[in-house]
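Scroll down for the structure; my scribbles are underneath it.
What follows draws every value from the coordinates through simple rules; no lab data is involved. Remember, predicted model here, so these are calculated numbers, not experimental data. Neighbour counts run over all protein chains shown; Cβ positions are idealised from the backbone, glycine included.
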Amino acid sequence: MHRFFIPEKSFENDQATISGDTAHQIIRVLRLTPGDQVVLLDNKGWEYQTVIKSITRDVVIGKIVNQVFGMGETSAKITLYQALLKNDKLEFVLQKGVELGVHSFVPFVSERCVAKKPSENRLERWRNIIKEAAEQSRRTCLPVLHQVISFEEACRKVLKPALILWEEEKTRGLKSLLRSPEFSNKKEISIFVGPEGGFTSFEIILANQHKIVSVGLGDRILRAETAGPTAISAIMYEKGELG
């Protein structure tokens, strides 16, 4: 059954009014008709099973037949601090991060970033990717996409505990860190992932000064767009959210 996030104000009693891009998708892309059922989401955790009553040129009216609190969110709240990446690599990270349960994304600019700071149109595209991935993966709340900031600002503002992936870290692995007292009982964790060229040694020192723990992912070197999803998967597994 198709799932759609719509504004909370679109719900009134047992009726939902769908307009804008979502109505366009229902009417012209999916070509749904009166009598078809969809699941509407209010971004507060609730799912509304809805039967389409009527369709005009650009508005869909639905009747809510059932309301349940969704189970698509994790108890672990991961914030992914991701350096800007070239081309569509960051879009891949956003999509997979949503599927894995990331709570929020903070893009940042670091010394070795090649990608340019995104335009407002690009940011809107990223928000749409997050929305579509959340609908597809049965999420009930949309992950937050924050504005792009500098690496230094990210280090100052990050919510602890926090870790930073660094390929040169050979003494501390992700598995042992997640099972340490500092991380094992924490539900909110922040992760820093660098750009294609990785972090500089100065950036690692700066992160460590802000009590962001550097950690390795093993002997193999992962690409910038796979390191984040790999670490997120490991954290979710350790927190009992996978498997």
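Which residues in the range 6-42 have a backbone N closer than 16 Å to a point placed 7 Å from the Cα of N66 along the Cα-to-Cβ line?
Under cut-off, by backbone N: 36-41.
Post the alpha-carbon centroid distance, the range 67-133 to the range 138-187, in whole angstrom.
The range 67-133 and the range 138-187 have Cα centres separated by 14 Å.
With charges set only on the Cβ (+1 for Lys and Arg, -1 for Asp and Glu), what does the dipole of the chain come to about its Cα centre, in debye to the nearest 20?
Around 80 debye, computed over the chain.
If I take R0 = 45 Å and measure r between the Cβ atoms of D14 and K157 in this structure, what FRET efficiency does the formula 1/(1 + (r/R0)^6) give, to the nearest 0.05?
0.60
Multiplying the sequence separation of T200 and K170 by 0.36 nm and subtracting their Cα-Cα distance, what value in nm do you get? Walk me through the numbers on the way to the answer.
Details: separation 30, 0.36 × 30 = 10.80 nm, distance 1.59 nm.
That pair, T200 and K170, stretches by 9.2 nm at full extension.
Report the rotationally averaged projected area of the chain based on its alpha-carbon convex hull, in square nanometres.
Reported value for the Cα convex hull: 14.1 nm².
Straight-line reach from K44: which aspartates and glutamates have a Cα under 13 Å away, not including same-chain ones fewer than 8 places off?
Answer for K44, where 13 Å is the Cα cut-off: E8, E73, listed by chain and number.
So what is the 222 nm mean residue ellipticity for the chain from helices alone, if each DSSP H run of at least 4 adds -39500 (n - 2.57) and you divide by all residues, rounding to the nearest 500 deg cm²/dmol? Walk me through the intermediate numbers first.
Values: 8 runs with 74 residues, N = 243.
Calculated mean residue ellipticity at 222 nm is -8500 deg cm²/dmol.
Pairs of alpha-carbon atoms within less than 8 angstrom and 6+ residues apart define the contacts here; what relative contact order does the range 3-69 have, in percent?
Normalised by residue count, the contact order of the range 3-69 is 35 percent.
Bin by bin, in steps of 5 Å, what percent of the Cα pairs in the range 183-243 do you find, going until the bin that has the longest distance?
Going from the shortest bin to the longest, the percentages are 4, 14, 25, 24, 21, 10, 3, 0.
Given the range 23-164, what whole percent of its Cα pairs are spread farther than 17 Å?
Details: 6659 of 10011 pairs.
Here the tail beyond 17 Å accounts for 67 percent of pairs.
P(r) tail for the range 3-69, what percent of Cα pairs lie past 18 Å? Can you show the working numbers first?
On the way: 525 of 2211 pairs.
For the range 3-69, the fraction of Cα-Cα distances above 18 Å is 24 percent.
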